[in-house]
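*Asks:* One structure follows; several queries about it will come next.
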Amino acid sequence: METKSKISNVSKTVKSDNWGKLEDLNFDYHFNNGTSKRLSFEMYGKSDGIAVLLYNPKTNKVVLSKQFRAPVYNHGIQNGFLIEVVGGAIDENESPEKAAIRETEEEVGYKIKSVQKVSTVFLSPGIVNEKVHLFIGEYSENDNHKNGGGVSAEDEEIEILEVDFLDAFKMIETQEIIDARTIMLLQYVQLKKMIR
């Protein structure tokens with residue numbers, strides 16, 4: 001087990017602070033061979049986020065969303081539209097659980113009472129500073145308040161999809177679903193046999 005810190009003389013420099021913050025993290029890294037070197041890494045991020053997969057064990061369905069993502073468009077994939085789980089940023093002084101419940105109602109119109117934590121992950125730890133808290137949430141038709149579709153003030157336009165779990169799982173194989181959070185949560189539900 002490592003007892004001595006491998007980094008020292010840490011400093012940060014903010015390069016841009018627009019929608020998200022781009023900053024350099026600078027430090028001296030102490031290698032196992034006894035040498036040290038000054039290193040600099042770019043990090044980008046906003047606040048930490050959440051992702052929620054809604055599932056209904058009675059109907060074997062899941063709720064997904066479809067929305068435009070500029071980086072996906074930039075890669076020329078699916079005209080920029082991504083099928084994914086509910087996701088969003090955690091507001092200041094908000095718990096990940098409360099953010100998950102709030103984002104679920106805003107994005108897909110389901111007012112659920114609770115969520116179950118699956119894990120906390122880094123999706124691109126080489127450059128992205130964001131931690132994503134993964135959740136699942138059970139829903140029923142009674143939870144659908146027919147709103148959702150995103151927050152217009154945030155320029156969100158979200159299509160709500162309720163699909164059979166097996167169909168959603170096949171969409172991973174056909175690469176209709178290519179979002180990492182969505183793939184992880186669908187696989188979690190399958191591994192735990194929460195839907196048959």
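The values are calculated or read from the model by the stated rules, or taken from the named source; none is laboratory data. All figures in this text were calculated on a predicted structure; none of them were measured in a lab. Here Cβ is always computed from backbone atoms with ideal geometry, including for glycine, and neighbour counts include all displayed protein chains. Quick note on the areas: whole protein, heavy atoms, side chains included, nothing else; ligands and nucleic acids left out. Shrake-Rupley method; radii C 1.70, N 1.55, O 1.52, S 1.80 Å.
*Asks:* Would you mind stating whether LYS58 is over 26 Å from PRO96 (Cα atoms), among the basic types (Lys, Arg) and without any contact (Cβ under 8 Å) to a residue 60 or more places away in the chain? Even if it seems obvious, please write down each step before you answer.
*Replies:* On the way: over 26 Å from PRO96 (Cα atoms): yes; among the basic types (Lys, Arg): yes; without any contact (Cβ under 8 Å) to a residue 60 or more places away in the chain: no.
Spelling it out, it is not the case that LYS58 is over 26 Å from PRO96 (Cα atoms), among the basic types (Lys, Arg) and without any contact (Cβ under 8 Å) to a residue 60 or more places away in the chain.
*Asks:* Mind listing whichever residues of segment 39-52 are part of a strand (DSSP E or B) and either touching a Ser or Thr at 6+ places or on another chain (Cβ under 7 Å) or among the hydroxyl-bearing types (Ser, Thr, Tyr) (or both)? Step through it out loud before you land on a result.
*Replies:* Residues of segment 39-52 part of a strand (DSSP E or B): 39-45, 49-52.
Answer for segment 39-52, where residues must be part of a strand (DSSP E or B) and either touching a Ser or Thr at 6+ places or on another chain (Cβ under 7 Å) or among the hydroxyl-bearing types (Ser, Thr, Tyr) (or both): SER40, TYR44, VAL52.
*Asks:* Hey, another quick one. When the residues of segment 1-18 are filtered to those that are modelled with pLDDT under 90 and farther than 17 Å from MET43 by Cα, which remaining residue is surrounded by the most Cβ atoms within 10 Å (Cβ to Cβ)?
*Replies:* Restricting attention to segment 1-18, the residues satisfying the condition of being modelled with pLDDT under 90 are 1-5, 18.
Imposing the further condition that a residue be farther than 17 Å from MET43 by Cα reduces the set to 1-5.
On the way: MET1: 2, GLU2: 6, THR3: 4, LYS4: 6, SER5: 9.
Checked segment 1-18; the qualifying residue surrounded by the most Cβ atoms within 10 Å (Cβ to Cβ) is SER5.
*Asks:* Under 9 Å between Cβ atoms, at least 6 apart or on separate chains: pull out the pairs that start in segment 108-137 with a residue that is farther than 23 Å from GLN67 by Cα and open to solvent by 80 Å² or more (accessible area, probe 1.4 Å) and end on any residue that is of a type in the set (A, V, I, L, M) and in a strand (DSSP E or B).
*Replies:* GLN116/ILE136; LYS117/LEU134; LYS117/ILE136
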